[in-house]
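So the structure is just underneath, and the comments pick up after that.
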């Protein structure tokens, strides 16, 4: 836990209030709130596409629609990935 303070004799995270798992060495490890969120297959695909410049805004502009459906496809890919054990 890096974001810690001592409250009533207990080292706690000042971001989320969780107690440090190792009170003898609270500076080791990280709090759950500092852990990166798990990414699913849809999130991985979206990050890869945006890395090469294909963003939801550009897709919407190219198709001439307000909502291109990228979020729905990402959620569907996340669900598929969970069934396949990816992400």
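The values are calculated or read from the model by the stated rules, or taken from the named source; none is laboratory data. Because the structure is a prediction, the values reported are computed rather than measured. Glycine also receives a Cβ, built like all others from the backbone with ideal geometry; neighbour counts cover every protein chain displayed.
Annotations
- Scan of the range 17-41 for residues that are at pLDDT 75 or above, assigned to a loop (DSSP other than H, G, I, E, B) and surrounded by 12 or more Cβ atoms within 10 Å (Cβ to Cβ), ordered by number: 18, 20, 39, 40
- Taking (1) part of a helix (DSSP H, G or I); (2) modelled with pLDDT under 90 in turn, residue 66 satisfies each apart from (1).
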